[in-house]
1. Taking the condition of being among the aromatic types (Phe, Trp, Tyr) and either part of a loop (DSSP other than H, G, I, E, B) or over 26 Å from the mean Cα position of the chain (by Cα) (or both), how many residues in the stretch 103-120 meet it?
2. Output the qualifying pairs, or none if there are none: Cβ atoms under 6 angstrom, residues six or more apart or on different chains, first residue in the stretch 42-65 and under 20 Å from Ser186 (Cβ atoms), second residue of a type in the set (Asp, Glu).
3. List the pairs whose first member sits in the stretch 114-129 and is under 16 Å from Pro87 (Cα atoms) and in contact (Cβ under 8 Å) with a residue 24 or more places away in the chain, whose second member is polar (S, T, N, Q) and in a loop (DSSP other than H, G, I, E, B), and whose Cβ atoms are under 7 Å apart, counting only residues at least 6 apart or on separate chains?
4. Gly158 is checked against (1) at pLDDT below 85; (2) on the phi < 0 side of the Ramachandran plot and fails just one. What number does that condition carry?
5. Looking at (1) without any contact (Cβ under 8 Å) to a residue 24 or more places away in the chain; (2) under 16 Å from the mean Cα position of the chain (by Cα), which is the only condition Asp173 fails?
Amino acid sequence: MNAIETRALTKTYGDFTLGPLDLTLPSGCIMGLVGENGAGKTTAIRLLLGLTKPDGGAATVLGAPAGPDMRAVKQDIGVVLDDVGYPAGLTATQMGKVLAAAYEHWDMPLYERYLHDMHVPTDKKFSTLSRGNKMKLGIAGALSHRAKLLILDEPTGGLDPVVRDEVVDIFSDFTRDPACSILISSHIVSDLEKLCDYIAFLHKGKLLLCEEKDRLLEEYGILQCDRNTLDALDPRTVLGKRLTPYSAEALIRRDAAPAGTQLKPVTIEELFVLLVKEDLQ
């Protein structure tokens, strides 16, 4: 069973349309949603959680149709949204008691261990915590009820690099169980490159590319050349380009590279930037 599947999923708000969105997240894997602010990442997550009704298409989460009737399957989903959303007046200790009443498989010792390891104050009201500590508290809550799927919207936002690295390690450990999966959106592409098995690129509501991360890095490269060489390439092989008055860089498939040329390895961040630049031109 796949953890998440969407088929032709669409949602329109005014002049913005997300989709059609076709994604498949296999069990035991991590998929990163990459996109600039306003690309549709949060809308996609809200559709998967049944918080927003789609205008077209369908989605399943842990085998159940996404929508208002997915209450039972939510026991198996851990969620951290960008604003976390815990009650302002509760402390981390009090929040643990609330979550214990909400989740059948709540593990209080595990929750307390996460709070300790991430140095989250347990006696301060949620409203007084820093953004980083709010996010860490949300992560502790999402990880402490034996979820099979984590859905995370910018979970490393507001964390310093050391803590961010620790949190990324925690997420990696979570998916060592082949029944556990993660969908994570982030603008910190280096985190996704380190963490994810699959990468999906969203831009202005459209899915530019969705593929296994390792395959993306193997199949694409950057050709550094002059303008004449770039102009001679088959336009269908150029996914994106960056031009200066004196040189050019082209994102191309390795199997389309001119004979005898060497391609520079591409990073996930470069891949996204060049795809978006091509769309804007």
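The values are calculated or read from the model by the stated rules, or taken from the named source; none is laboratory data. Just so it is clear, the model here is predicted, and its values are computed rather than measured. Reconstructed Cβ throughout: ideal geometry from the backbone, glycine too, with neighbour counts over all protein chains shown.
1. Number of matching residues: 2.
2. Thr42/Asp153; Ile45/Asp153
3. If the second residue must be polar (S, T, N, Q) and in a loop (DSSP other than H, G, I, E, B), the pairs left are Thr122/Thr91; Asp123/Thr91; Lys124/Thr91; Lys125/Thr91.
4. (2)
5. Asp173 satisfies all of (1) without any contact (Cβ under 8 Å) to a residue 24 or more places away in the chain; (2) under 16 Å from the mean Cα position of the chain (by Cα) except (2).
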